[in-house]
Structure formats: structure tokens, C-alpha cells
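J.: Mind having a look at this structure? Questions to follow.
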Amino acid sequence: MSVLIDGWKNSSNNTKNVVCLIHNVGGDIAFLESYDLTGEKETGDKLQEIVEQCVILAKEIYNTNIYAICSDNASNMRKMGSQIN
């Protein structure tokens, strides 16, 4: 299983959200969690915390292990990826 993570900002509402899903090789996708980061910085460290929480959620909710993280190429996502063990 892999975690799909993406974030977006809504400038008109001044909101920031990050959503995590899991995806398997068969193409199935399941929702893990959505995080409201409004008022917080979307740093690589914060995204690392979110991914670590999602790995735990995937195990607890779906009884599965995560082997990969998929994201876009934003600098904060790249930093998060370089910090994941």
C-alpha cells in the first residue's frame, strides 16, 4: 500500500488542507484523513508528522502496512520525503 498526500490552499476562504489516501496495486483507494492547516505553516516537518500519523491510521483502520509515499513535487513535500525513514 502507498499513501497519497496532497495539499491545497483556497485563497478566497484563506484555508489550507492536506488529504491522505491509501492506494493498492489493484487500484483501490481508501480515505485516511484530512488535515486543516489553516493558520499553520505547511512545512516538511509538519507533513512528516502527518504521514507518520497516516501510517499508524492505515495499520489501525485497514490492517495494512505502508511501503511508499506519493506526493507532488512541491519543496515542502520533497523535504518531507527526504526526512521519512
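J.: Being among the hydrophobic types (A, V, I, L, M, F, W, C) and closer than 12 Å to VAL18 by Cβ is the filter; apply it to region 53-85 and report the residue that is farthest from the chain's Cα centre (by Cα).
T.: So the residue we want is ALA74.
J.: To continue, here is another question. So, GLU33, is that one outside any loop (DSSP other than H, G, I, E, B), closer than 16 Å to TRP8 by Cβ and of a type in the set (D, E, K, R) or not?
T.: Criteria met by GLU33.
J.: Would you check which residues across region 74-85 are open to solvent by 40 Å² or more (accessible area, probe 1.4 Å) and either touching a Cys at 6+ places or on another chain (Cβ under 7 Å) or assigned to a helix (DSSP H, G or I) (or both) and list them?
T.: Within region 74-85, SER75, ARG78, LYS79, GLY81, SER82, GLN83 qualify.
J.: Oh, and also: Pull out all pairs, ordered by first then second residue, where Cβ-Cβ is under 7 Å, the residues are six or more apart or on different chains, the first lies in region 6-18 and is open to solvent by less than 60 Å² (accessible area, probe 1.4 Å), and the second is hydroxyl-bearing (Ser, Thr, Tyr).
T.: The qualifying pairs are THR15/THR38; LYS16/THR38; ASN17/SER34; ASN17/TYR35; VAL18/TYR35.
J.: Continuing with this model, one more query. Collect the residues in region 20-35 that are within 20 Å of MET80 (Cα to Cα) and open to solvent by less than 30 Å² (accessible area, probe 1.4 Å), keeping them in residue-number order.
T.: Residues satisfying the conditions are CYS20, ILE22, LEU32.
J.: Anything in region 36-73 that is of a type in the set (A, V, I, L, M, F, W, C), open to solvent by less than 70 Å² (accessible area, probe 1.4 Å) and free of Cβ contacts under 8 Å to residues at least 60 places away in the same chain? List them, or say none.
T.: LEU37, LEU47, ILE50, VAL51, CYS54, VAL55, LEU57, ALA58
J.: Same structure again: For region 36-69, give me the residue count where each residue is modelled with pLDDT of 90 or more, part of a loop (DSSP other than H, G, I, E, B) and polar (S, T, N, Q).
T.: The qualifying residues number 4.
J.: If you scan region 25-49, which residues turn out to be under 13 Å from LYS79 (Cβ atoms) and among the β-branched types (Val, Ile, Thr)?
T.: The one that is under 13 Å from LYS79 (Cβ atoms) and among the β-branched types (Val, Ile, Thr): THR43.
J.: Please enumerate the residues belonging to region 40-52 that are within 9 Å of the chain's Cα centre (by Cα) and polar (S, T, N, Q).
T.: Hit for region 40-52 is GLN48, nothing else.
The values are calculated or read from the model by the stated rules, or taken from the named source; none is laboratory data. Nothing here was measured: the structure is a model prediction, and the numbers come from that model. When we count neighbours, we look across all protein chains shown, and the Cβ atoms used for this are built from the backbone with ideal geometry, even at glycine. When the accessible area is computed, the model is the full protein with side chains, heavy atoms only, and any ligands, DNA or RNA have been set aside. Shrake-Rupley method; radii C 1.70, N 1.55, O 1.52, S 1.80 Å.
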